[in-house]
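Reviewing the structure listed below.
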Amino acid sequence: MKKTIKLVATATLVLLVVSAFNIQRGYKLTGKIKGIDTGLIYLSHNIGDKEIKDSTTITNGSFAFSGTVPEVKMYALKLKDGKQQKNFLLENKDISIVGDKDSLFKAKVIGSPETDVYFGFYNGPWKSITAKAGDIYRRLDSANQKGKVTLSPAQRKPFDDEFKALDVLNQNAVKAYVTAHASSVAVAAIVEDRFISYPYPEQAAAMYALFAPAVKASFYGKAIKASLALTNKTAPGKLAPDFVMNDIDGKPLKLSALRGKYVLVDFWASWCGPCRKENPNVVAAYKKYHDKGFEILGVSLDSKKEAWLKAINDDGLTWKHVSELKGWSNTAATLYGVKSVPASFLLDKDGKVVAKDLRGEELNNTLSNLFKN
């Protein structure tokens, strides 16, 4: 046992020394962009909603950046026009990027093992999953004539079943990849992409448990842990956080004022394609259960009032609506840990969370069971 402890301690010390050496050593990022001889190129990353940029001059198609990063994080290489960018995980190593100005997103990154692991997933398992999702959406668009026809629950069910099967495939693909690369920070970035940005908290927690200690302590590991803690505040059985926001007439509406009814807090936006595709199902549920005590509070992440109101009218959303018209800076979205839309929270008459993110037939079945009792 003592020998094992000594080995673990030695290994940990080696990792700390290597990590400290890499930070002290810093990174050197060089590259060559075909099709452009001179100009500016930017290296950027985000801290919250704020973009932090560094820049350098391209000379004869070549450029160089150098510095240190405290931890591995996603950065973007952008040209001055900002039309294209190459995302990669910057680490304290010698890294080179070679690409073309007209297809910068396809540029090759050399010398970044973390970037290799990250794109190994997206160019492999994920590519297959998105192809299958695209096929389902094309057939769904054909069936409902691109939203012009409302499908019955029976007509919609085969598509919902396919999406559920695809979700399982996605979860299994991520789990297999995380297991194979548990010591890579890149897998934490992938899990944040797939299970935090598009919230699947149970899956995110399961993947987090597989991470090596250093990955849990990384930027993305800490972000996942913080997000899971926030998600727990809106877990089924918890009292939903209260908030007040202006409705379409500019009058304040408080969520808790709707207690005494079952309430669906529906986060959406006019620009959100999946939200608009789901709206016919929500409209059907509202028409069926509103008179029985079902209410909906739509919380829009729009920035422009005209677009918001037009979508409400076009989709026939006759329930209550609020928005701050601040996009993703919406305080309720932050309070509820919403990372993507559509997102919804079904509350009981006392304001406690019953379920999250009910879609299609799931929403109808849940409401049917609630109003039977």
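The values are calculated or read from the model by the stated rules, or taken from the named source; none is laboratory data. Just so we're clear, the structure is a prediction, and the values are computed from it rather than from any experiment. Don't worry about glycine lacking a Cβ; one is built from the backbone with ideal geometry, like all the others, and counts go over all protein chains shown.
Here are some residues: S368, S329, S344. Which one is more than 15 Å from V299 (Cα to Cα) and among the small types (G, A, S)?
S368 is the lone residue from the list that is more than 15 Å from V299 (Cα to Cα) and among the small types (G, A, S).
Scan segment 146-157 and give yes if some residue there is over 30 Å from E91 (Cβ atoms), among the small types (G, A, S) and part of a loop (DSSP other than H, G, I, E, B), otherwise no.
Yes, there is a match, as at least one residue in segment 146-157 is over 30 Å from E91 (Cβ atoms), among the small types (G, A, S) and part of a loop (DSSP other than H, G, I, E, B).
Those residues that are of a type in the set (F, W, Y) and free of Cβ contacts under 8 Å to residues at least 40 places away in the same chain, I need them from segment 279-292; list them, please.
Passing the criteria: only Y286.
Quick one: which helices (runs of 4 or more DSSP H) sit completely within segment 165-223 and have at least 2 residues that are among the β-branched types (V, I, T)?
The qualifying helices (runs of 4 or more DSSP H) are 185-191.
So, in segment 234-278, exactly how many residues are at positive phi and either touching a residue at least 40 places away in the same chain (Cβ under 8 Å) or assigned to a strand (DSSP E or B) (or both)?
Looking only at that region, the number is 2.
I need the full set of residues from segment 344-357 which are modelled with pLDDT under 95 and either among the aliphatic types (A, V, I, L, M) or part of a strand (DSSP E or B) (or both), in order please.
K356
Report every pair of residues separated by at least 6 positions or lying on different chains whose Cβ atoms are under 7 Å apart, first residue within segment 153-167 and outside the structural domain of N279 (by TED's automatic domain parsing), second assigned to a helix (DSSP H, G or I) and of a type in the set (D, E).
Partner pairs satisfying both residue conditions: P153/E361; R156/E361; K157/E361; D160/E361.
Consider only pairs whose beta carbons are under 6 Å apart and that are at least six residues apart or on different chains; among these, list those whose first residue lies in segment 358-373 and is more than 11 Å from D160 (Cβ to Cβ) and whose second residue is charged (D, E, K, R).
From segment 358-373, the pairs are F371/K292.
Residues D116, D102: which one is modelled with pLDDT under 95 and in a helix (DSSP H, G or I)?
When all the criteria are applied, what remains is D102.
Quick check on this structure: which one of G82, G39, G31, G61 is in contact with an Asp or Glu (Cβ under 7 Å, 6 or more places away or on another chain) and within 16 Å of L104 (Cα to Cα)?
G61
Hey, does segment 228-240 have a residue that's modelled with pLDDT of 95 or more and crowded, with 20+ Cβ neighbours inside 10 Å?
yes
If I ask for residues that are out of contact with any Lys or Arg (no Cβ under 7 Å at 6 or more places or on another chain) and crowded, with 18+ Cβ neighbours inside 10 Å, which ones from segment 102-118 would you list?
Selection gives V109, E114, T115, V117, Y118.
Given the condition assigned to a helix (DSSP H, G or I), outside the structural domain of V187 (by TED's automatic domain parsing) and under 21 Å from the mean Cα position of the chain (by Cα), answer yes or no: does some residue in segment 307-314 qualify?
The answer is no, given that none of the residues of segment 307-314 is assigned to a helix (DSSP H, G or I), outside the structural domain of V187 (by TED's automatic domain parsing) and under 21 Å from the mean Cα position of the chain (by Cα).
Can you pull out every residue in segment 181-218 that is crowded, with 19+ Cβ neighbours inside 10 Å and among the charged types (D, E, K, R)?
E192, R194
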